[in-house]
Amino acid sequence: MGLFLIESSLQEIVSTKDELNQKASALQAKLNEQNSSLIELQVSKDFSRSFFIVEAEDQNTATDILNAAGISVQLVKEVRLVGKELEDVKQNNDVVNYLVEWNIPENITMDQYLARKKKNSVHYQEVPEVAFARTYVCEDMTKCLCFYDAPDEAAVKRAREAVQTPIDSITEILTDER
């Protein structure tokens, strides 16, 4: 089984948190039929961007089910979870409200990335108002997605500066509390 990041837009499909939850439940049921699972779904506050993490035998299984549900797939990448165990993510106990995307430079290998992350992650303590949750790194080393719980975008930027890691984009995520 692999983990796959699938990016899309849900703006044309859902417009409320309830509709999103219904769509996610229906997708989970279809994925379960294929011995697959929707690990998490994070959506921008305006529903213009969505980030599905799917555990499946292959990417076609995951994308076929999303396409059948009327969700157009814009990007699919196999990913590795860093900073959290998969079973912990499946419990869905973390609150995340910001997603940072970083397009990894060509010359960085997975081993270099992981070593750098381990070395720099201790600096998150310099920004205690921000909680780092987890990262998904594309296996082809093109980009990574880092999830945070933070009071605002400025705090996320301070955290990224503390760990000396660039930001290509920041997306505010729809949460249950908001």
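Remarks
- Across q = 0.23 Å⁻¹, segment 57-138 modelled as identical point scatterers on its alpha-carbon atoms has Debye log10 I(q)/I(0) values of -1.34, in the order of the q list.
- Mean residue ellipticity (222 nm) of the chain, computed from DSSP H runs ≥ 4 via -39,500 (n - 2.57), nearest 500: -9000 deg cm²/dmol
- Rounded to the nearest 10 degrees, the angle from helix 110-120 to the longest Cα principal axis of the chain is 50 degrees.
- Based on Cα contacts under 8 Å between residues 6+ apart, the chain shows a relative contact order of 25 percent.
- Phi angles across segment 72-87 convert, under the Karplus curve 6.51 cos²θ - 1.76 cosθ + 1.60 with θ = phi - 60°, into 3J(HN,Hα) values of 7, 8, 9, 7, 9, 9, 6, 10, 10, 7, 10, x, 7, 7, 4, 4 Hz, Gly and Pro given as x.
- Surface share of carbon and sulfur [accessible, 1.4 angstrom probe, percent] for the chain: 43
- Over segment 48-90: Kirkwood hydrodynamic radius from C-alpha pairwise inverse distances, Å: 11.8
- Among the listed pairs 90/117; 90/119; 23/118; 17/117; 23/117, those whose Cα-Cα separation exceeds 31 Å are 23/118; 17/117; 23/117.
- Loop-resident sites, segment 33-127, for GluC sites (Glu not before Pro), counting at most 15 other Cβ within 10 Å (DSSP): 57, 85, 106
- Correct option for Kirkwood radius over Cα pairs in Å [calculated from the coordinates] among (i) 18.6; (ii) 16.7; (iii) 20.7: (ii)
- Using the 1.4 Å probe convention, the accessible area of segment 1-101 works out to 49 Å² per residue with neighbouring protein chains retained.
- DSSP-assigned coil residues among GluC sites (Glu not before Pro) in segment 148-178, each with at most 10 further Cβ atoms within 10 Å: 177
The values are calculated or read from the model by the stated rules, or taken from the named source; none is laboratory data. Treat the numbers as computed from the prediction; the structure is a model and nothing was measured. No Cβ is skipped: glycine too gets one built from the backbone with ideal geometry, and neighbour counts run over all protein chains shown. The area values use the complete protein model at the heavy-atom level, side chains included, leaving out ligands, DNA and RNA. Shrake-Rupley method; radii C 1.70, N 1.55, O 1.52, S 1.80 Å.
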